[in-house]
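Throughout, read-outs are computed from the coordinates displayed, never taken from laboratory work. These numbers come from a predicted model, not from an experiment. When we count neighbours, we look across all protein chains shown, and the Cβ atoms used for this are built from the backbone with ideal geometry, even at glycine.
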Amino acid sequence: MTRKLLFLLAILPSVLFAQHTIKGTFTPAKEFEYAFLYRVTAETSLFVANADVAQDGTFEITLDKNAIPGTYRLVYAQPQDQFNFDIIVNNTEDIELKYDLENGLTFDKSSENKLYSSYKRSLALINKSIRNYYNTGKEDKTGYSKIFNILKRTQDDFEKASDSMIVNHFIKAYRPYMPNGLEDVRTFSENIKSHYLSHIDFGNENLQNSNFLVKTTIDYTIGFIDQNNPDASYMENVDTVVKAIGDNPKIKSILLEVLWNQFSVENNEVVANYIGSKYLLDIALANNNSVLANNIIYFKNVSIGNLAPDFNLEVKDKEDKMKTSKLSALDGSNNYLIFFWSTTCSHCLKEIPLLKEFIQANKKEDIQVIAVALDNDLKHWKDLTSEYPDFIHVFGEGKWNNTIGNQYNVTSTPSYFLLDKNKKIISKPYDINEFKKYFESLSTVEKKE
């Protein structure tokens with residue numbers, strides 16, 4: 001008896017602390033080279049491990065015995081934010097999966113992930129039945145009640161089946177709206193929106209350490225809008241999200257920054273500036289996040305309708321001598337184009353000759369170019385600028401750490417800012433073609449104002 005007990009004690013640690021694996025098969029195999037595993041947190045993704053993908057598309061990653069349970073992300077190509085999928089790791093079971101570029105993700109082994117996949121498929125089928133009901137345009141109380149009885153049973157069954165599992169947090173948070181009686185499509189849609197965030201606990205760490213809250217917040221904010229007045233809907237939805245987040249400052253900061261980035265990247269200045277001014281700037285300042293605070297301020301300062309931030313430049317005087325002046329002091333033209341470029345930017349070097357050609361076809365009193373090079377190579381800059389004598393040239397030393405570029409929130413080159421004669425920003429074209437199209441659309445009256 002003593003021997004058996006000693007034997008059990010000897011193998012007990014290896015049982016308790018057994019290492020688990022993530023095995024997978026990618027299809028088609030030739031399209032994949034590697035798999036990187038990250039643990040998802042509220043703020044970022046932390047590298048865990050990686051594996052090469054074999055010729056048959058298989059890979060295997062061994063988890064550390066102390067791996068923290070939660071949401072993990074498998075990255076299989078670049079850019080990482082596009083080519084990835086999330087899985088649940090509880091570190092008490094092995095995971096076996098298949099990922100097909102056409103058919104998506106399936107799990108052969110893992111109770112957490114198989115249950116989650118089954119739940120999502122079940123809800124998708126029921127939602128299809130709901131859409132089909134409303135598409136018929138016919139009233140059928142019995143059929144309507146049957147659909148939502150199935151929905152309630154399905155939701156309750158999955159919540160019960162996932163009890164004590166990580167996936168339970170997500171299934172409960174996903175709990176859909178269920179009407180008590182027959183509702184027309186408009187009422188049903190309004191109630192879906194009003195109940196969309198009802199079951200989400202923004203303080204739940206399992207939800208925070210995943211993409212759930214980010215995805216849900218974006219889906220809600222951009223998904224429920226009045227097409228006749230989208231900006232007003234976006235701003236109203238942001239207010240609703242902030243209220244739902246409640247007293248959870250860390251996740252509030254993260255989600256508001258995500259939303260601000262979403263609208264600033266899309267150059268929706270109205271909504272981005274609303275988020276920044278009403279919520280995010282104060283949070284950034286309170287957190288001593290000067291980078292974010294400056295980004296919010298700079299973005300707002302160069303929004304359409306604002307005066308362009310002033311900076312020094314050199315111009316020729318009446319005696320053809322160079323003198324120091326300012327952007328605000330320029331006169332003699334009805335429009336000014338600030339063109340940010342770099343001597344090492346291939347797109348810039350393609351567009352600047354086209355810009356020269358276009359400007360030469362217009363009168364100097366209609367358009368004047370101020371070319372700001374965000375650069376470090378002064379000699380190369382001087383050589384190139386000699387080919388563009390009609391431009392006012394500024395050497396923005398320091399490249400991405402240049403004050404002028406920062407003030408204009410320039411994150412890529414080329415960047416265009418079109419000003420009127422009073423130096424008010426009237427357009428921020430994406431490229432040379434968009435600039436030409438916009439400038440040509442200005443009426444003669446607008447050009448002379």
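HN-Hα J couplings of the range 267-276 from phi, Karplus 6.51/-1.76/1.60, θ = phi - 60°, integer Hz, Gly and Pro as x?
Karplus-based 3J(HN,Hα) across the range 267-276 equals 6, 8, 5, 4, 6, 4, 5, 5, 4, x Hz.
I'd like the trypsin sites (Lys or Arg not before Pro) in the range 26-75 restricted to DSSP loop residues with at most 15 other Cβ atoms within 10 Å, sorted by number.
Values: sites: Lys30, Arg39, Lys65, Arg73; in loops: Lys65.
Passing both the DSSP loop test and the Cβ count: Lys65.
Going from the alpha-carbon gyration tensor of the range 312-448, what semi-axes, largest first and in whole Å, does one get by taking the root of 5 times each eigenvalue?
They are 22, 18, 15 Å, listed from largest to smallest.
Are there any trypsin sites (Lys or Arg not before Pro) in the range 134-184 that are in a DSSP loop and have at most 16 other Cβ atoms within 10 Å? List them by number.
Counting only loop positions with at most 16 other Cβ atoms within 10 Å, the trypsin sites (Lys or Arg not before Pro) in the range 134-184 are Lys138.
Report the full-extension gain for the segment Asn287 to Val270: residue separation times 0.36 nm, less the Cα-Cα distance, to one decimal in nm.
3.7 nm
Treating the beta-carbon of each Lys and Arg as +1 and of each Asp and Glu as -1, no other charges, what is the dipole magnitude of the range 200-350 about its Cα centre, to the nearest 20 debye?
Once rounded to the nearest 20, the dipole reads 440 debye.
As a test of the formula, what do you get for the chain when each DSSP H run with n ≥ 4 contributes -39,500 (n - 2.57) and the sum is divided by the residue count, at 222 nm and rounded to the nearest 500 deg cm²/dmol?
Taken over the chain, the calculation gives -13500 deg cm²/dmol.
Set Lys and Arg Cβ to +1 and Asp and Glu Cβ to -1, take the dipole of the range 114-301 about its Cα centre, and tell me which of Ile130, Ala173, Ser233 lies farthest positive.
Among Ile130, Ala173, Ser233, the one farthest towards the positive end of the dipole of the range 114-301 is Ile130.
Quick one: the Cα spread of the chain along its three principal axes, in angstroms, biggest first?
Between the extreme Cα coordinates on each principal axis of the chain lie 106, 64, 45 Å.
Taking Cα atoms, how many degrees apart are the long axis of helix 249-265 and the longest axis of the chain, rounded to 10 and kept between 0 and 90?
50 degrees
Quickly work out the Val258-to-Leu307 label distance, labels modelled 7 Å from Cα along the C-beta direction, and quote it in nm with one decimal.
Taking the simple label geometry, Leu307 and Val258 are separated by 3.9 nm.
Which ³J(HN,Hα) values, rounded to whole Hz and listed in residue order, are derived for the range 52-57 from phi using the Karplus coefficients 6.51, -1.76 and 1.60 in 6.51 cos²θ - 1.76 cosθ + 1.60 with θ = phi - 60°, glycine and proline given as x?
Here the 3J(HN,Hα) series is 7, 8, 6, 4, 8, x Hz.
State log₁₀ I(q)/I(0) for the range 49-179 at q = 0.10, 0.17, 0.20 Å⁻¹ as given by the Debye formula over alpha-carbon point scatterers of equal weight, solvent excluded.
-0.45, -0.99, -1.20
Once each part is reduced to its C-alpha centroid, what is the distance from the range 390-432 to the range 79-140 in angstrom?
46 Å
Nearest 10 degrees is fine. How inclined is helix 432-441 to the longest principal axis of the chain, computing both from alpha carbons?
So the inclination is approximately 60 degrees.
Nearest 20 debye, what's the magnitude of the dipole of the chain about its Cα centre given +1 on Lys and Arg Cβ and -1 on Asp and Glu Cβ?
For the chain, the charge dipole is close to 720 debye.
Compute the acute angle (0 to 90°) between the alpha-carbon long axis of helix 212-223 and the principal axis of greatest extent of the alpha-carbon atoms of the chain; round to the nearest 10°.
It works out to around 60 degrees.
Which whole-number value in Å³ per residue fits the convex hull of the alpha carbons of the range 18-109?
Once divided by residue count, the hull of the range 18-109 is 91 Å³.
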